[in-house]
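In what follows, a single structure is set out as structure tokens and then discussed.
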Amino acid sequence: MQIEQLFRREILNYPNVIFCPLAQEHTPLYLKWFKDPLVRKNLDKGTPFSDTDIISFVNWATSSNRCHYSIVSYNGKPIGHAGIKGLNDVLSIAEISCVIGEREHLGSGIGIAIVTQFVKDALIQYPKLNEIVFTRLNDLPSKLFSKLGFQKKQENDWNIYSISRRQAEFIVTKCFTQ
């Protein structure tokens with residue numbers, strides 16, 4: 001199966017994925033998601049899980065101009081988040097994140113649709129962006145990111161998945177045109 005057919009199939013399976021900006025009122029969702037042991041299993045060991053840490057993250061993410069986090073909804077129900085951080089006028093590299101918080105969507109394939117759509121939106125919103133990376137201590141997302149064309153490299157204990165703007169534009173174009 002060609003790469004564009006795979007992505008188009010995943011995106012078409014989830015046409016009702018919507019991103020809305022993260023707001024303070026989403027804090028209870030984060031508290032629920034980041035306390036779920038099954039969700040936590042997919043996150044890095046260093047991810048903060050105390051109520052104070054989670055509330056601090058939401059406060060930071062909703063007030064910083066160096067990041068953009070969104071709640072991801074599917075069929076009108078919030079199921080996770082996607083974000084991009086490290087943005088400023090100087091840097092041309094940014095880090096993305098994606099967390100599926102609702103158990104019934106873990107491992108469903110919706111992550112491909114979310115990350116592809118979020119990368120597409122980031123390329124449009126941030127014209128100076130030359131490279132997108134995703135860093136993890138664990139290697140759980142390797143399948144998803146390798147399918148999307150991200151290249152993996154190891155730095156110390158970190159797994160870094162990287163894609164150039166040109167590669168990302170190619171994949172996104174293939175995914176969203178017929």
Calculate, in nm to one decimal, what ASP53 and ARG66 gain on full extension: separation in residues at 0.36 nm each, minus their alpha carbon distance.
-> 2.8 nm
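Ordered by packing density, taken as the mean number of other Cβ atoms within 10 Å over each peptide's residues, highest first, how do 158-169, 106-117 rank?
Going from most to least packed, we get 106-117, 158-169.
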At a Förster distance of 30 Å, what's the computed FRET efficiency of ALA23 paired with GLU131, Cβ-Cβ distance as r, to 0.05?
-> 0.55
Along the range 107-116, what does the Karplus equation 6.51 cos²θ - 1.76 cosθ + 1.60 (θ = phi - 60°) give for ³J(HN,Hα), rounded to whole Hz, x for Gly and Pro?
-> x, 7, x, 5, x, 4, 5, 5, 5, 4
Backbone HN-Hα couplings from phi across the range 98-103 [Karplus 6.51/-1.76/1.60, Hz, Gly and Pro as x] = 8, 10, 8, x, 9, 3
Collect residues whose amide H, placed 1.01 Å from N in the peptide plane, falls under 5 Å from the amide H of LEU22; neighbours closer than 5 in sequence don't count.
-> TYR69, SER70, ILE71
Given a Förster distance of 41 Å, the FRET efficiency implied by the Cβ-Cβ spacing of GLN151 and LEU38, rounded to the nearest 0.05, works out to 0.90
Determine ³J(HN,Hα), in whole Hz, for all residues of the range 161-169 in sequence, where each value follows from phi through the Karplus function 6.51 cos²θ - 1.76 cosθ + 1.60 and θ = phi - 60°; x replaces Gly and Pro.
-> 9, 9, 9, 7, 4, 4, 4, 5, 4
Could you list, in their original order, any pairs among LYS32/LYS77; LYS35/LYS77; LYS41/LYS120; LYS85/LYS174; LYS32/LYS153; LYS85/LYS128 whose Cα atoms are separated by more than 21 Å?
-> LYS41/LYS120; LYS85/LYS174; LYS32/LYS153
Which cross-chain or sequence-distant (5 or more) residues have an amide H under 5 Å from the amide H of GLY80, H modelled 1.01 Å from N in plane?
-> VAL72, GLY101
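Computed from the coordinates by the stated procedures, all read-outs in this text should not be read as laboratory data. Just so we're clear, the structure is a prediction, and the values are computed from it rather than from any experiment. A quick note on method: Cβ atoms are made from the backbone with ideal geometry, for glycine too, and the neighbour counts reach across all protein chains shown.
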